[in-house]
1. Distance from the Cα centre of region 83-108 to that of region 139-191, in angstrom?
2. Output the direction-averaged projected area (hull surface divided by four) of the convex hull of the alpha-carbon atoms of region 31-147, in nm².
3. Starting from 0 in steps of 20 Å, tell me what percent of the Cα-Cα pairs of the chain lands in each bin.
4. Quick one: length gained pulling D393 to K443 fully straight, 0.36 nm per residue minus the C-alpha distance?
5. Apply the Karplus curve 6.51 cos²θ - 1.76 cosθ + 1.60, θ = phi - 60°, to the phi angles in region 154-166 and return the couplings in whole Hz, x for Gly and Pro.
6. Compute the angle between helix 116-135 and the longest alpha-carbon principal axis of the chain, please, reported from 0 to 90 degrees and rounded to the nearest 10.
7. Keeping all protein chains in position, work out how much accessible area R282 exposes to a 1.4 Å probe, and write it in Å² to the nearest 10.
8. Using only Cα atoms, what is the ratio of the radius of gyration of region 122-202 to 2.2 N^0.38 Å?
Amino acid sequence: MRQTVDVVMPVPEAYSVIDPSMAMLTWPGYGRKFDLGKFAFFNRDTSNNKRIKHYFSPHSKTDIRDEFIRKVIKLASTFETVEALRPASVYSRLAGLEAFLDWADKNRYPVNLNSSYRMELLVERYFAHGISEVALGASRNNGMAQDQGSILSIFRGIFEDEQWGNRLRRLRHSKSDTQPTEVPPTTDLGVLYAACKQLFVGISNLILNPENFPHSITGPFGPDPESINVIFMADGRTSLKSNPHWNEVTGLPRTYAELRDSIGHKYKYPRETAHNIHSIHRRTQLVSSSVDHRPRRELAHTAAYCFGMILSQASGWNLQPLCDLEFDSELEGRISKAEVSRQLFRSIKFRANGNEVFIELPVSFIPLLRRFLQLRSHIVGEAKIRTLLIAQDRYLSPREITDTFQTRLFGKLATLGIELPRLFSRKLRAAKHDRLIRTESPKVTAEVMGQSLQTTLMAYSNGSAEAHREEMSAYLKGLERASTRQQAENEIATGHCGSRNSPTPISPSAPVQVACGTGVGCLFCMNFRPHADEKDIRKLLSCRKCLSLTLELSPTPTNDDGLTSLIKRIDDVLSTIENHMPSSEIERIRLDVYENGNLDPYWEGKLSQLIELGII
């Protein structure tokens, strides 16, 4: 196997590679490497995705391209330091050069780097080949145009001539070839956010408290978006993907008798198996008593990845800027002093690559951010990690995050038996943009998303077919819907009241005191009159969100039984309302309240008070 040496980009001015054929370009915080040294071998096969299976003929190695490789390394550093390109953009330019050199070496065309004129003729032939590939439908216009632009920028830097290649006929970027990013279904977005949030909160409780194994977490982890209970066991597995030695119902190791009954005729070595059962029980006790055991550390990093996913969904940021966010000791103070950007949103100042950046986050997300800082402090310990988000190496030690963490998260969850919609940062950004463009002007949307107005209108304003159908259905229903609101009834925080100042409990054993003006006390009153319309449904869902956050995130003891009874009462009322209006309409309002933060004004004020008082 060919030996390589990592060259960390950008390199200093005086840096020089001793053996260019071993150069492997790497970037801090960027998960991909670029094998630049392979171009020193004329006869090579790098078509396999696994680098270990790449083939290089040792007899085809030549020193002719050594100086060329050194120049490309310096040029790539210039792209990063002078032009301020992100590592992903530099990698994209080098990928265009790779496609050109692979084509030239495969067809045995001489790459004469000492002659600017001969190189221009060869590049002209490659451009003509690319134009014919696009005409035959073998390549996309914009992809080939980008590669051709990358080749020109690299050779202009090598030959130090900005006019190099101006006469060449090349492809241009075509707007008709640009496909706007498809907005994912709201159901998939809701399942992904809810599942990652439940995993983050549940695992952080296990790590920070700490709690013993087995540990149960309930969320939409199954193939259908229904909540199921998942038990995390002491061996690092879950009840969704356990082995015969563990009981998937209790999450505990099986006894000798249970194992004999479940395996039956396969039970050939009872003495050895009994010894294994004893070892498993001992291991379970060790894992439960130790706060730094391997299964706990693996789950802690899984929780950190889950937070990165929900942060990506809540902020709508591109992946690389999100990975560049830096951690500092003053972050907690800046969270407390965050400025109000929009209704129920706060603008929090972070640092990224030495610059100040602002991220707009929902108010309900701030307690999760504080909890993550506690989890991060537990995982990192005394280590110095620059980035806010963290990852793990093969030894489960913390390291800086890379842009592959979303792929790694889906892989980790798959090993635990948890399958979630595979939505990555680009589609999450499109969903955030789609929500903003419906409630704000295009100018405000562009400012929040950190992009130009032209990009907002051209690349992200297409919407989804699902949203188009819902809007048309709502419009047609609005034309024929008659008003069902009774003017004689009085509006209250959770709906309407049929007789104010006459509280009458629906049952003598009501879990809360029934009193007018208390907001939630009306839920158990005989005079409570919820309407089957959007306004009252939004009130009920807003009330439920405030109660759920208080129950889940309160750092102080709360009346769990009373809050649970109130939430159950709201769910019962909403189930009754579903008999009088489509469930899709209720689901739309639910997503608008829980994901977009568009609460009823009364409960919006209550939520702000709870956060300012530190209750959640």
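The values are calculated or read from the model by the stated rules, or taken from the named source; none is laboratory data. This structure is a prediction, so every number in the text was calculated from the model and none was measured. FYI the Cβ positions are ideal-geometry reconstructions off the backbone, even for glycines, and counts take in every protein chain you see. Accessible surface areas use protein heavy atoms only, side chains included; no ligands, DNA or RNA. Shrake-Rupley method; radii C 1.70, N 1.55, O 1.52, S 1.80 Å.
1. Each part reduced to its Cα centre gives a spacing of 12 Å.
2. Working: hull surface 33.5 nm².
Taking the Cα atoms of region 31-147, their convex hull projects to 8.4 nm² on average.
3. Calculated P(r), rounded to whole percents: 15, 41, 32, 11, 1.
4. Details: separation 50, 0.36 × 50 = 18.00 nm, distance 4.18 nm.
Roughly 13.8 nm would be gained on extension.
5. So the J values, rounded to whole Hz, are 6, 6, 5, x, 5, 8, 6, 9, 5, 8, 5, x, 5.
6. Taking the Cα atoms of the chain, the angle to 116-135 is about 40 degrees.
7. 150 Å²
8. Details: Rg = 20.9 Å, N = 81, 2.2 N^0.38 = 11.7 Å.
That ratio works out to 1.79.
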